[in-house]
Each structure stands twice: as C-alpha cells, then as structure tokens.
Amino acid sequence: PQNISSLEWNGDGTYVAAGLHSPGRILMLENTGTILGDYGWHSFVSGGKSYPSDVTAIAIDNHYGRVVSAGKDGSIEIYNFDSFSNQLQIYRRFGANLMREIAVHPIEPHVVFAESSGVATTRNYDNGKIFSQCFHPDYGQSTGEIPYAKSVVMEGIFTFVGFSDGTIVACGYDGKRAWDWRIDNLHPIEVFGRIDKHPLHDYIAMSWTQ
C-alpha cells in the first residue's frame, strides 16, 4: 500500500487520478476501479544517481484533457490524456532539481538546459519563454532508476540529448523526437559521460564507462 496525497475526478467522472508517495506516481483508474496505468518521473539527483520524489498534488484540466502533478522535488509534470488508449503522454515539465550542461544555438537566441528527470528544455533567452522540450522516450513509465539529461548539443533544427542511462535522442524544433538510440544496444554501459556533434558531418562523439 502507498500513501495517497491527492485525488481528483475528471469532468465526466470516467476516471480518477491519484497522487502517490514512495515512489511518487500518478495512478490512473477508471470509475469501475480498473487501473489504467501509473506515471511520473518526479525525482532528485544526488551523487550521480536519481531517486524518486513524492507526488504532492494532482489537478485535471478538463478543457484540454490534461493531468497535472506537482512533486516534492519542486517540479510540475503535465500529461495529455489519450481517450482512445487511456494512456498519459508527457506534454510539458516545469522545474529542475539539477542542471548538468547547457548549449546555445549558433544562430537563434535559444539556450538548452540538460535537466533532471528525463528532459532537456530549450528557452528563448530574449524573453525566457520555453521554446521546446525534448523528452526521454520512456518518460513517465515505470523504471528502475529515472534517467536524467546529462549532455546537450544544438545544431540547425535539432537538439541532441544524452541521458544518464546511455540513451541518445534527437528532437526537432517542435520537440518531437526524430530518432533515439541506446548505447546498451551494442555495448555494456556503467556510467554515461558526454556527447558532441561533429561541426561539419553527421557524427556524434560520445563517452561512457563499461
């Protein structure tokens, strides 16, 4: 059993969202009590490892069909609810427990931050607004250790992100994932290091220990 911090029904009463402690998750249930799934990557990083953080509050945006959670780590996660699959899909994340690396775009006024909990955020540094976010492909799903963004590069229309579990992701201007690749598909990995994009060709250098 887990402690529940918050409960909220959606507008037509077809499902209810519950905020959980230890680990912090959003538990989604139908009005019949059937579990639809659990989601959430609220976490903090200490000593190079990530640890789950409690969900402290839940809210539902019935107009846009979104489920919002607040974490003890100080972050907000916003998910779209897909009424066809009854699944949550990450939309936005606000707040970072840790920033490991930054990169600036060579032409546009954009800076990207490698943040905790599986996301890299790009902001316009003239007005501070979020331009896009690039998420780990498993964002919100149940996992042994929540990966965090560790290394970032910006070039052209792409943001390249290296995550602590060795997953490399390329996202376009709109934040949509263009491709992803995992080092452990080919090599054993103990600790992921950094990435960098070749200035002229489509090569990415990466480092890790095994």
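Condition check for G47 on (1) under 19 Å from S164 (Cα atoms); (2) in contact (Cβ under 8 Å) with a residue 24 or more places away in the chain; (3) not aliphatic (A, V, I, L, M): one failure, at (2). Just so you know, in the stretch 27-66 the residues that are of a type in the set (S, T, N, Q) and in a strand (DSSP E or B) include one that is surrounded by the most Cβ atoms within 10 Å (Cβ to Cβ), and it is S43.
Working only within the stretch 13-24, note down all residues that are in contact (Cβ under 8 Å) with a residue 40 or more places away in the chain and not in a strand (DSSP E or B).
Matches in the stretch 13-24: G24 only.
Scanning the stretch 178-208 for residues that are open to solvent by 70 Å² or more (accessible area, probe 1.4 Å), closer than 28 Å to S46 by Cα and charged (D, E, K, R) yields D184, E190, R194, D196. Within the stretch 126-139, the only residue that satisfies the criterion of being closer than 17 Å to E155 by Cβ and open to solvent by 20 Å² or more (accessible area, probe 1.4 Å) is F131.
Among strands (runs of 3 or more DSSP E) entirely within the stretch 95-165, having at least 1 residues that are aliphatic (A, V, I, L, M) and in contact (Cβ under 8 Å) with a residue 40 or more places away in the chain singles out 99-104, 110-115, 119-124, 149-155, 158-163. Considering only residues that are of a type in the set (D, E, K, R) and open to solvent by 50 Å² or more (accessible area, probe 1.4 Å), look in the stretch 67-103 and name the one that is farthest from S6 (Cα to Cα). Checking each candidate, the answer is R100.
With (1) of a type in the set (S, T, Y); (2) at pLDDT 95 or above; (3) part of a loop (DSSP other than H, G, I, E, B) as the list, and Y79 as the residue in question, which single condition is left unmet? Here Y79 meets the rest and fails (3).
Selection within the stretch 159-194: residues that are modelled with pLDDT under 95 and β-branched (V, I, T). The member of this set that is farthest from Q210 (Cα to Cα) is I183.
The values are calculated or read from the model by the stated rules, or taken from the named source; none is laboratory data. Worth saying up front: this structure is predicted, and the values here are computed from it rather than measured. All Cβ positions, even for glycine, are placed from backbone atoms using ideal geometry, and neighbour counts span all protein chains on display. All accessible areas refer to the heavy atoms of the entire protein, side chains included, with ligands and DNA or RNA removed. Shrake-Rupley method; radii C 1.70, N 1.55, O 1.52, S 1.80 Å.
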